[in-house]
Amino acid sequence: MFPYKTSLKLNKSLKEPLYLQLANQFILLIREGKLSPGTKLVGSRTLADLLQVHRKTVVACYEELLLQGWVESIPKKGTFVNNSLPLVQKVALADTIKTTKNENSGFNFYQNNHLLEKKAEKREEVLYINDGTSDTRLTPTEEIARIYRKIASKKSIYTFLDYNSTHGNIKLREVLAMYLNSSRGLKITKDNILITRGSQMGMWLSTQLLLKENDVIIVGETNYSSADITFQHQKAQIKRISVDENGIVVEQIERICKEQPIKAVYVTSHHHHPTTVTLSAERRIHLLNLAQKYNFAIIEDDYDYDFNYNHAPILPLASHDTSGNVIYIGSVCKTVAPVFRIGYLVASEDFVNEAAKLRGYIDRQGDALLELTFAEFIKSGDLDRHIRKLMRIYLQRRDLFCRLLKKELDGYFQFEVPKGGMAIWVQLNKQYSWNEVAKEARKYQLEIGEWQRYGLANKKHNAIRIGFASYNDNEIKLLIERLKQTFNGIKKVPIKHF
């Protein structure tokens, strides 16, 4: 007889009912081939006695197995493992003990070498360099929670819990239209806005609609790596142009346009990613004129418009667009906290409608309650108050970070103090490589991160972005100290060679 007593274990302290615990264990035994098709199960009274449970528990277990099709009941004969079940490939006992998860699939699938793995696991004792993220400890969680509770408690809230528009919540679109018109000089309505789950979704949707294999898109020779990878995934042809202290060199775009058709230009006009430089007014107008003349799209990724320390923010390209050539992408994720996946794509109405249709097949709709919350958060002025608070804090952090970096590590790094944003562009002395720095830094609980993504164009600039906004004063001092320990550990005397 099958060893039921030693094979079946019940735990009365679990929330899962005993009959389901029992049923799931029977299913596992059947799937593993230990109870093969046609095997007669022991009677309910006998099994109840063996396991010291009420007979009703066993009866309920057998009924559950019968409903799921694992067993069949034959009148006057008993309960049997379903004869129609196919034989399961038996696995050696040693293999089943070795691992509790499947590490390799049992089928072939397409892999993409362009895509980078997003690793999120972090250790508390390690200090991680980022490329310019907000300090989530400053998130106005109480204000957001208060608004969310107020909205969720309304009697009419059920109307927002069903399927709704793929464009996003209408109230948020209306509020965003007014907010972007007043703060960024746009001239739009709700019909020009698609709510996304962050700027990356807006970029992906735009790429799907704009680019096919071998279509040409122009980017800076240094560029946001996620944008490059998105375009490569679409098998587009990427053409790179120079970036100087005034942003991308638009004259080079004009030369390319005279030689061949292009579909789009990707630009981070406010603070070029990664170098942080601002696209000059002259080049902005030139680029808009070229887009109108040669009929290409401008994907304007305005990822950190809100943070300017030396002057008022320069209005985006989208504010001067009169011919519908600009696709303007932004989000509140970087300003408030990455967990709040609220972004927007602003474009001509026909493009927005097409993007909304496509969005419906990868993400049916956003979080309506969260979108309503942020509509109120923006309308009430809470967002502007939060930005003003961050501006004061981040300016002080920028100044401290740059002062200490210059004072303590002058021979190792060269940089310009950024006029805005949340990061600086740091060029490493060419005596050193980021590979050796990253390796040595781990000895001092410092992670440099994916420094390779800044060199996708193979320009050998030996530079990366280092964020300052997410660190408080003590953390900034600790980061600089660990960088000093790292270079002392490498044991080279730096000479000026950038």
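The values are calculated or read from the model by the stated rules, or taken from the named source; none is laboratory data. Quick caveat: nothing in here was measured; it's all calculated off a predicted structure. FYI the Cβ positions are ideal-geometry reconstructions off the backbone, even for glycines, and counts take in every protein chain you see. Side chains included, ligands, DNA and RNA excluded: accessible areas come from the protein's heavy atoms. Shrake-Rupley method; radii C 1.70, N 1.55, O 1.52, S 1.80 Å.
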Being surrounded by 22 or more Cβ atoms within 10 Å (Cβ to Cβ), within 21 Å of residue 301 (Cβ to Cβ) and among the hydroxyl-bearing types (Ser, Thr, Tyr) is the filter here; which residues of region 334-393 pass it? 344
For the subset of region 60-83 comprising residues that are in a loop (DSSP other than H, G, I, E, B) and under 50 Å from the mean Cα position of the chain (by Cα), which member is surrounded by the most Cβ atoms within 10 Å (Cβ to Cβ)? 70
Residues of region 450-487 being under 27 Å from residue 230 (Cα atoms), polar (S, T, N, Q) and in contact (Cβ under 8 Å) with a residue 40 or more places away in the chain, in sequence order, are 470
Residues of region 458-471 classified as open to solvent by 50 Å² or more (accessible area, probe 1.4 Å) and under 21 Å from residue 337 (Cβ atoms), total: 0
What about residue 476, is it closer than 17 Å to residue 129 by Cβ, surrounded by 17 or more Cβ atoms within 10 Å (Cβ to Cβ), within 23 Å of the chain's Cα centre (by Cα) and aliphatic (A, V, I, L, M)? no
Residues of region 145-159 classified as without any contact (Cβ under 8 Å) to a residue 40 or more places away in the chain and either open to solvent by less than 90 Å² (accessible area, probe 1.4 Å) or in a loop (DSSP other than H, G, I, E, B) (or both), total: 5
Of the conditions (1) in contact with a Phe, Trp or Tyr (Cβ under 8 Å, 6 or more places away or on another chain); (2) closer than 24 Å to residue 83 by Cβ, the single one that residue 28 does not satisfy is (1)
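So that you can scan it fast, the table gives a plain yes or no per residue for (1) part of a helix (DSSP H, G or I); (2) aromatic (Phe, Trp, Tyr):
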position: 452; (1), (2): yes, no
position: 465; (1), (2): no, no
position: 471; (1), (2): no, yes
position: 475; (1), (2): yes, no
position: 478; (1), (2): yes, no
position: 484; (1), (2): yes, no
position: 489; (1), (2): yes, no
Can you tell me which residue in region 40-59 is farthest from residue 80 (Cα to Cα), limited to those that are open to solvent by 40 Å² or more (accessible area, probe 1.4 Å) and polar (S, T, N, Q)? 52
Have a look at 414, 431 and point out the one that is modelled with pLDDT under 95, of a type in the set (S, T, N, Q), in contact with a strand residue (DSSP E or B) (Cβ under 8 Å, 6 or more places away or on another chain) and open to solvent by 10 Å² or more (accessible area, probe 1.4 Å). 414
For a quick check of your reading: which strands (runs of 3 or more DSSP E) sit entirely within region 214-319 and have at least 1 residues that are open to solvent by less than 30 Å² (accessible area, probe 1.4 Å) and over 20 Å from residue 187 (Cα atoms)? 216-220, 237-241, 264-267
Please enumerate the residues belonging to region 186-198 that are part of a helix (DSSP H, G or I), touching a strand residue (DSSP E or B) at 6+ places or on another chain (Cβ under 7 Å) and surrounded by fewer than 23 Cβ atoms within 10 Å (Cβ to Cβ). none
Do any residues in region 58-84 that are of a type in the set (Ser, Thr, Tyr) have Cβ atoms under 7 Å from those of residues that are not in a strand (DSSP E or B), where the two are at least six apart or on different chains, and which pairs are they? 62/44; 73/66; 79/41; 79/62
Looking only at region 320-333, count how many residues are of a type in the set (A, V, I, L, M, F, W, C) and open to solvent by 20 Å² or more (accessible area, probe 1.4 Å). 0
Residue selected from region 200-213 under the condition within 23 Å of residue 352 (Cβ to Cβ) and in a loop (DSSP other than H, G, I, E, B), by the criterion least open to solvent (accessible area, probe 1.4 Å): 211
So residue 35, is it open to solvent by less than 90 Å² (accessible area, probe 1.4 Å), of a type outside the set (Val, Ile, Thr), in contact with a Leu (Cβ under 7 Å, 6 or more places away or on another chain) and assigned to a loop (DSSP other than H, G, I, E, B): yes
